[in-house]
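The values are calculated or read from the model by the stated rules, or taken from the named source; none is laboratory data. The structure presented is a predicted model; accordingly, all values stated were derived computationally and were not measured. Heads up, the Cβs are rebuilt from the backbone with ideal geometry, glycines too, and the neighbour counts pull from every protein chain shown.
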Amino acid sequence: MSKPGTFKISLTMQIFIGLGLGIVVGFLIHRLDAHPDTKEQAIQWVRVLSRIFLNCIKVIIAPLIFSTLVVGIAGAGGTKEVGRIGLKAIIYFEVVTTLALFIGLGAVNLTKPGVGVNLPPEQSAEAKEIAGRAAKISAQDHIVNVFPSNIVKAMTENDVLQIVAFSLMFALAVSAIGERGKPVVEICESIAQGMFKFTEYVMMFAPYGVGAAMAVTVGNKGLEVLKNLALLILTLYGALAVFITVVLVPIALLARVPLKRFIRLVREPVLLAFTTTSSESALPKALENMEKLGVPRRIVSFILPMGYSFNLDGSTLYLSLAAMFVAQAANHPLTFGQQIQMLVILMLTTKGIAAVPRASLVILSGTLVQFGLPIEGIALILGVDELMDMARTATNVLGNCLATAVVARWEGEFNDAGNEEIAAA
């Protein structure tokens, strides 16, 4: 609490200020084109700040998910409750992501951003790498990879889905041993509280990390990056705005989510996701703020990480849009039946792949091959993928935060007054 007569700048405003300064610094760095070595050195030194911030965030993920899930499940629930909540979450995820696919498909058919675009004659090295990864990942691998063979390795690599799977099974085991499991729950409760305080410290560095990330982007590509393939970018942003307006907002109203408080609590994690293009950077703050909103810990600590693999609203919408963009750019029209078939494939393949590097582009590569579309289309998209990644990552975080509130309301456990204890901490 600030002293009387003093002015305190909110963290959100600090992040916006950092974002603006980052653009200015990036523009100045980009003007060093005549001195490429100096420019590269400047970019690498500025990148240090964003790398430190993201590393500090990543180190929070595994202990926070593990401790909050164990406390939530073992402390107040059991197998039956977990199964019920999980089923409700899967139903919700499937409905919402399917709507996202249709909106993306409708938007790209309306604006036709790929018409008249010439694909590059050869694949870029990065496009070949992504295509190679797509070829190696089978449906069987997706299922097997949910369950970790080494929990230390899963935590080291921040494989959210594997961490959730292990934590869930461990929590159920602790719950099954009754009184003997209470010391474990108490230890995990202490770890969770410590990690929330640690998150608070890390967030003080967020404006610097965000500003540095933006400076690196603009420094590398210049302000013209905002114009490159503008119609594709605007189509995505417009489609995401429609999705939020006609899908997420009505869902929030139907679930009687307090919109003003919800918006206030999600703006920081969403802004972090947007500026860093990393869902991981937003996860600790999202976990904490959804508890403040009034979602019980056992629900938010289960649904939010689970959503990172099964409820990627922004990424799902982007994939239907991007696949059609490549078809248009290659003058390879798809019939209505083929487009519906593509939606079904995307609906299945977008589940459980969040831990794969460049997951959206890996899935896109597999989809292009499935319909005989040129893989070179990935090289075309890569130039502006970071700008699009900002919007889809922010939408992923927003959709998952809402999912926790919806499931809590569905369970009849949403606290309309908010969690005063957490909010006051």
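In the range 288-318, what residues are basic (K, R) and surrounded by fewer than 24 Cβ atoms within 10 Å (Cβ to Cβ)? Outline the logic, then answer.
We begin by selecting, within the range 288-318, every residue basic (K, R); these are 292, 297-298.
Passing the criteria: K292, R297.
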| said: For the range 30-50, which positions are surrounded by 15 or more Cβ atoms within 10 Å (Cβ to Cβ) and closer than 15 Å to V210 by Cα? | reply: I43, V46, R47, L49, S50
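What residue, among those in the range 23-51 that are touching a helix residue (DSSP H, G or I) at 6+ places or on another chain (Cβ under 7 Å) and within 19 Å of V202 (Cα to Cα), is modelled with the lowest pLDDT? Even if it seems obvious, please write down each step before you answer.
Taking the range 23-51 first, the residues touching a helix residue (DSSP H, G or I) at 6+ places or on another chain (Cβ under 7 Å) are 23, 25-27, 29-30, 32-33, 39, 42-43, 46-47, 49-50.
Going one step further and asking which of them are within 19 Å of V202 (Cα to Cα), we end up with 46-47, 49-50.
On the way: V46: 87, R47: 84, L49: 86, S50: 81.
So the residue we want is S50.
Output the residue which, of all residues in the range 80-115 that are of a type in the set (G, A, S) and over 18 Å from Y318 (Cβ atoms), is surrounded by the most Cβ atoms within 10 Å (Cβ to Cβ). Give the derivation first.
Quick first cut of the range 80-115, residues of a type in the set (G, A, S) only: 83, 86, 89, 100, 104, 106-107, 114.
Still in the list and also over 18 Å from Y318 (Cβ atoms): 83, 86, 89.
On the way: G83: 10, G86: 15, A89: 22.
Among those that are of a type in the set (G, A, S) and over 18 Å from Y318 (Cβ atoms), it is A89.
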| request: Of all residues in the range 123-158, count the ones that are closer than 23 Å to V300 by Cα and at pLDDT below 75. | output: 1
| query | Filter the range 204-249 for residues that are buried (at least 19 other Cβ atoms within 10 Å of the Cβ) and hydroxyl-bearing (S, T, Y); which is modelled with the highest pLDDT? | reply | T235
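So that you can scan it fast, the table gives a plain yes or no per residue for (1) closer than 30 Å to A74 by Cα; (2) not charged (D, E, K, R):
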| position | (1), (2) |
| --- | --- |
| N220 | no, yes |
| R264 | no, no |
| L272 | no, yes |
| T276 | no, yes |
| Y308 | yes, yes |
| query | Of everything in the range 261-277 that's of a type in the set (V, I, T) and under 16 Å from the mean Cα position of the chain (by Cα), which residue is surrounded by the most Cβ atoms within 10 Å (Cβ to Cβ)? | reply | T275
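Quick check on the range 171-185: of everything there that is farther than 15 Å from S301 by Cβ and aliphatic (A, V, I, L, M), which residue is surrounded by the most Cβ atoms within 10 Å (Cβ to Cβ)?
Kept after step one, since they are farther than 15 Å from S301 by Cβ, are these residues of the range 171-185: 173, 176-184.
Of the ones still in play, those that are also aliphatic (A, V, I, L, M) are 173, 176-177, 184.
On the way: A173: 13, A176: 12, I177: 11, V184: 19.
Taking the candidates together, the pick is V184.
Having 1 or more residues that are modelled with pLDDT of 85 or more, small (G, A, S) and closer than 29 Å to M204 by Cβ is the bar; report the helices (runs of 4 or more DSSP H) wholly within the range 250-359 that clear it. Quick ask: steps written out before the conclusion?
Numbers: elements: 259-276, 279-293, 297-310, 313-329, 336-349.
Fully inside the range 250-359 and qualifying: 259-276, 279-293, 313-329.
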